[in-house]
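One structure is given below, encoded as structure tokens.
Derivation of every value follows stated rules applied to the coordinates shown; laboratory data play no part. Treat the numbers as computed from the prediction; the structure is a model and nothing was measured. With ideal geometry, Cβ positions are generated from the backbone for all residues, glycine too; neighbour counts draw on all protein chains shown.
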Amino acid sequence: MELVIHGLLFASIHSLLFTYFANSQAFMEDVKIRFYYDDLVTSYTDYHLNSSIDIVSHPKFELDRPTVLYIHGWLERVDTSESIIAISNAYLQRNEHNVLVLSYEKLALMFYPIVVRNIPRVGKSAAFALLEMFRKGLDISRFHVIGFSLGAHVSSHIARTLRHASYTIPRITGLDPALPLFYQKNTKQLTKKDAKFVDIIHTDGGVFGVKVSAGHADFFPNGGQRPQLRCGRLFEIFDICSHFAAPHYYAESVTAKETIFVATNRLNSSDTAPMGYNCPATASGNYDLVVR
Ligand SMILES: *[C@@H]1O[C@H](CO)[C@@H](O)[C@H](O)[C@H]1NC(C)=O
Ligand SMILES: *[C@@H]1O[C@H](CO)[C@@H](O)[C@H](O)[C@H]1NC(C)=O
């Protein structure tokens with residue numbers, strides 16, 4: 001028993017020290033873009049950011065298709081992440097897009113504040129990699145970035161860097177953008193300034209996700225707060241189900257055969273818009289809906 005406790009203590013001290021003193025270059029070298037093709041999440045090729053240009057010349061990359069880039073959140077590993085699997089599977093099933101995932105798993109597994117501090121660097125490095133791809137023919141006018149939790153803020157930093165090179169992302173979707181250490185005075189996070197159209201899905205507002213409106217169109221399924229109706233028990237302190245409901249709702253909207261998740265503008269009941277994949281860039285304001 002004592003050995004186990006010592007082992008655990010050692011492991012946590014080691015991880016904390018590693019987190020504080022690790023050369024953050026190591027985190028950056030681990031940032032990759034994964035390109036999924038065919039119809040299974042098991043078919044993919046990983047690219048270091050310095051070889052992003054090779055993605056565009058992959059035989060399965062189709063320049064005449066729209067491209068989606070998904071960015072995961074804290075503590076998610078690229079191979080096992082629930083949100084990556086849900087979203088990529090949905091797009092692969094739809095079979096109309098080039099499907100890319102930005103992975104930064106070494107960093108994502110670190111102590112939360114350290115991850116937050118490095119988010120701008122991840123976004124900036126990814127933006128430079130994307131710039132290479134745009135210059136090689138990737139069509140930015142059909143480029144959609146989807147960021148979950150901390151990934152939503154990575155997308156904001158990608159957008160800021162691209163804008164300095166005069167590229168504007170047409171659409172960013174924020175899936176329950178992370179709240180802790182964001183949306184305070186002097187912090188930088190996903191806002192509606194980051195793309196021509198920013199849509200947000202709130203599912204755990206006030207805990208893991210931001211509660212206030214942050215996009216052009218903000219969707220509040222089941223009030224935008226925990227517990228989401230599919231998540232069961234009420235006072236679950238360790239409920240991550242509600243936070244993860246955002247990527248699951250989004251994935252469902254990608255494969256739905258008919259229009260689902262129709263939401264109503266809070267200030268105008270004759271203004272409705274579908275939440276998720278089919279949300280039009282004309283949607284504006286706060287939208288409510290019930291998702292069972
Ligand atoms: C690209 O980056 C990876 C990881 O940092 C590195 O191992 C590799 O040597 C680099 N390749 C080139 C061509 O610079
Ligand atoms: C309410 O929404 C409808 C449908 O989008 C629109 O035609 C109408 O102008 C809106 N009303 C107000 C007061 O904005």
* For the stretch 139-156, state whether one or more residues are over 17 Å from the mean Cα position of the chain (by Cα), over 26 Å from Asn278 (Cβ atoms) and in contact (Cβ under 8 Å) with a residue 24 or more places away in the chain. => no
* To do: Scan the stretch 251-267 for residues that are surrounded by 11 or more Cβ atoms within 10 Å (Cβ to Cβ) and either within 14 Å of ligand 2 (Cβ to nearest atom) or acidic (Asp, Glu) (or both) and report the count.
  => 6
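Tell me, which residue of the stretch 39-60 that is touching a helix residue (DSSP H, G or I) at 6+ places or on another chain (Cβ under 9 Å) and hydroxyl-bearing (Ser, Thr, Tyr) is farthest from ligand 1 (Cβ to nearest atom)? Break it down into steps so the answer makes sense when it comes.
Looking only at the stretch 39-60, we keep the residues that are touching a helix residue (DSSP H, G or I) at 6+ places or on another chain (Cβ under 9 Å), and these are 39-41, 43-45, 47-53, 55-56.
Narrowing the set further to residues that are hydroxyl-bearing (Ser, Thr, Tyr) leaves 43-45, 47, 51-52.
On the way: Ser43: 23, Tyr44: 18, Thr45: 15, Tyr47: 9, Ser51: 6, Ser52: 10 Å.
Out of the qualifying residues, it is Ser43.
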* **Failed criterion for Ser270 (all others in (1) surrounded by fewer than 19 Cβ atoms within 10 Å (Cβ to Cβ); (2) more than 16 Å from ligand 2 (Cβ to nearest atom); (3) hydroxyl-bearing (Ser, Thr, Tyr) hold)** => (2)
* Count - residues of the stretch 100-120 that are aliphatic (A, V, I, L, M), part of a loop (DSSP other than H, G, I, E, B) and in contact (Cβ under 8 Å) with a residue 40 or more places away in the chain -> 1
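Filter the stretch 133-172 for residues that are in a loop (DSSP other than H, G, I, E, B) and either of a type in the set (Ser, Thr, Tyr) or touching a Gly at 6+ places or on another chain (Cβ under 6 Å) (or both) and give the result. Spell out the reasoning first.
Of all residues in the stretch 133-172, those in a loop (DSSP other than H, G, I, E, B) come to 136-139, 149, 165-170.
Hits for the stretch 133-172 are Ser149, Ser166, Tyr167, Thr168.
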* State whether one or more residues within the stretch 157-165 are closer than 21 Å to Ser83 by Cα and crowded, with 24+ Cβ neighbours inside 10 Å. => yes
